[in-house]
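To start, the structure under review is shown below, and the notes come after it.
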Amino acid sequence: MSIATHETKRDKLDILLRIVEVTMTPAKKTHILYKANLNFYQLNRYINELVSLGLVREVDVPFKGYITTEKGKQFLVMMKNNIRSQL
């Protein structure tokens, strides 16, 4: 008999925040995919949303990838402070 671990389902905000955290330094799609624990379809959907919101932008240097914008950094700080205040 094995003991199954139960992971809580992440909501959209958790996933978006994780992507913003991962892209604090330039990150390739594959790096974001593994760190945020997403599949390729999900990653594309969330990245496109973050880019349209201006929280993440695409970069070509030092490689083709994504990085958090200043607006994204402010969003991350605001959300982390909000989460801490609720605890």
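Residues in segment 46-87 that are exposed (fewer than 12 other Cβ atoms within 10 Å of the Cβ) and not hydrophobic (A, V, I, L, M, F, W, C): 48, 52, 58, 60, 62, 64, 70, 81, 82, 84, 85, 86. Residue selection: residue 59 fails the criterion of being of a type in the set (Val, Ile, Thr) and in contact with a Lys or Arg (Cβ under 7 Å, 6 or more places away or on another chain). Contact map, segment 50-71: first residue under 16 Å from residue 32 (Cα atoms) and aromatic (Phe, Trp, Tyr), second residue assigned to a loop (DSSP other than H, G, I, E, B) and at pLDDT 95 or above, Cβ cut-off under 6 Å, separation 6 or more or different chains; pairs are 66/23.
Regarding segment 31-38, can at least one residue be identified that is surrounded by 13 or more Cβ atoms within 10 Å (Cβ to Cβ), of a type in the set (Lys, Arg) and under 13 Å from the mean Cα position of the chain (by Cα)? Looking for residues that are surrounded by 13 or more Cβ atoms within 10 Å (Cβ to Cβ), of a type in the set (Lys, Arg) and under 13 Å from the mean Cα position of the chain (by Cα), one finds at least one in segment 31-38, hence yes.
Exactly one residue out of 56, 77, 61 is closer than 13 Å to residue 16 by Cα and of a type in the set (A, V, I, L, M, F, W, C): that is 56.
The values are calculated or read from the model by the stated rules, or taken from the named source; none is laboratory data. All of these numbers come straight from a predicted model, not from anything done at the bench. Cβ coordinates were reconstructed from backbone atoms using ideal geometry, including for glycine residues, and neighbour counts include every protein chain displayed.
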